[in-house]
Amino acid sequence: MGGRSRASGGIRTLSDLEITQVCHRYHPEIGGVEQHVQKISEHLAEKGCRVEVLTTDPSGKLPKVEEINSVTVRRFNSYAPQDSIFRSKSLREYLRENTFEILHAHNYHALPALYAAESRSRIFIFTPHYHGRSQSWIRNLMLYPYRIKGRRIFNRADRIICVSNHEKKMVKEDFRVPEEKFAVILNGIDLSEFEKNLVEKDPKMLLFVGRLEEYKGVQHIIHALTNLPAHHLTIIGRGVYEGKLMKLAERLGVRERITWQQSVAREDLIKAYQRAGVFLMPSQLEAYGITTAEALAAGTPCIVLRGSALEEFIDNETCIGIDPDKDIVRELTDAVQQLSGMHAKRPENVIDWSRVAEETMKLYMDVYNRAI
């Protein structure tokens, strides 16, 4: 798909759209950005669009080129210490050497988006998945000089898609982006997956799903487990913080009440959401919160940390917000005791991926037609 450019003229059918997505990682890697790009790419392909994903593979073990659910995936080697930066000379060169009709870059916090902003593309869309800061003081220190270069991505973009109003507010404050560049298109989930109750609830089961990074706050859940002797915790995910979490659980004497699963089949994940009595996401940095949305869709009450886009799920009934400036462990303990055994209703801001894809495609077509 790279290197092609269509002649002038309005879009007549969906198949006229040639879309290239750029992201730091892609399926089978897990994570919020990875899932977002996969879902919109596959839904756009179902609509008849021709979709290619340019991504990196720090492991060097995945296929360089393959087709997944009608989406062409092209992977480039990269350097990603502690799952960060994702520097890739080969991806940068590929983006510079080819021209693209509609180029959609994702994730301000990794270099591939900056490479995309330097490329030759007729239309450039940017979804920053921006959460304002990083999870460590070292990365925060690196983000300050990066903002000078990172600002180029926002300046270059024809439109900027934020996945929550919280994210839009942060981008406006930090990069002074004009209002007319913004569009807010929420993340989505596959609502059909949650239409059937596959398992019965276990009121004493606590659940966390996500990457195991310090900023996700899993350590607070483990500490709270010491105050909840009748509860047990299931952790689904992997990441650089896993070893420290296991040592913490061992030291606190709660490791036997924790089930660790690095990854599970999708059907088993849905069952875990439905079985859990309470879902916990005490994360400091979220631009949306797909796992929280999925838990709510499964009827599972949630506990989240205030200060990020997770606030948009809080209703103080079946989704409780914890103040990060208070005793998080005590607050988590009290909230778990309050929510255990309750059933959550799906909020209006939990939508299906098909709607996300339709709104994204409408934006592509609008920007394209305005440009010709």
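Values as computed for the structure displayed
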| quantity | calculated |
| --- | --- |
| Residue count for the stretch 274-308, restricted to those that are in a loop (DSSP other than H, G, I, E, B), surrounded by 24 or more Cβ atoms within 10 Å (Cβ to Cβ), among the polar types (S, T, N, Q) and touching a Phe, Trp or Tyr at 6+ places or on another chain (Cβ under 8 Å) | 2 |
| Residues (more than 21 Å from residue 324 (Cα to Cα) and either without any contact (Cβ under 8 Å) to a residue 24 or more places away in the chain or among the charged types (D, E, K, R) (or both)) located in the stretch 213-243 | 229, 238, 242, 243 |
| Residue ID - surrounded by the fewest Cβ atoms within 10 Å (Cβ to Cβ), chosen from residues in the stretch 97-110 that are modelled with pLDDT of 95 or more, within 21 Å of the chain's Cα centre (by Cα) and not in a loop (DSSP other than H, G, I, E, B) | 106 |
| Residue match in the stretch 242-256 (condition: open to solvent by less than 10 Å² (accessible area, probe 1.4 Å) and touching a Pro at 6+ places or on another chain (Cβ under 6 Å)) | no |
| The stretch 42-66, residues that are more than 22 Å from residue 264 (Cα to Cα), open to solvent by less than 40 Å² (accessible area, probe 1.4 Å), not hydrophobic (A, V, I, L, M, F, W, C) and not in a loop (DSSP other than H, G, I, E, B) | 43, 52, 55, 56 |
| Breaking point among (1) open to solvent by 40 Å² or more (accessible area, probe 1.4 Å); (2) at pLDDT 95 or above; (3) within 26 Å of residue 190 (Cβ to Cβ), for residue 73 | (1) |
| The stretch 309-343: number of residues that are open to solvent by less than 60 Å² (accessible area, probe 1.4 Å) and in contact with a Phe, Trp or Tyr (Cβ under 9 Å, 6 or more places away or on another chain) | 4 |
| Test: residue 114 is assigned to a helix (DSSP H, G or I) and over 24 Å from residue 16 (Cβ atoms) | yes |
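Conditions tested, residue by residue: (1) modelled with pLDDT under 95; (2) assigned to a helix (DSSP H, G or I); (3) open to solvent by less than 20 Å² (accessible area, probe 1.4 Å); (4) of a type in the set (Lys, Arg).
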site: 138; (1), (2), (3), (4): yes, yes, no, no
site: 141; (1), (2), (3), (4): yes, yes, no, no
site: 149; (1), (2), (3), (4): yes, yes, no, yes
site: 154; (1), (2), (3), (4): no, yes, yes, no
site: 167; (1), (2), (3), (4): yes, yes, yes, no
site: 172; (1), (2), (3), (4): yes, yes, no, yes
site: 200; (1), (2), (3), (4): yes, no, no, no
site: 229; (1), (2), (3), (4): no, no, no, no
site: 238; (1), (2), (3), (4): yes, no, no, yes
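The values are calculated or read from the model by the stated rules, or taken from the named source; none is laboratory data. No experiment lies behind these values; they were computed from the predicted model shown. Here Cβ is always computed from backbone atoms with ideal geometry, including for glycine, and neighbour counts include all displayed protein chains. With ligands, DNA and RNA removed, areas are computed over all heavy atoms of the protein, side chains included. Shrake-Rupley method; radii C 1.70, N 1.55, O 1.52, S 1.80 Å.
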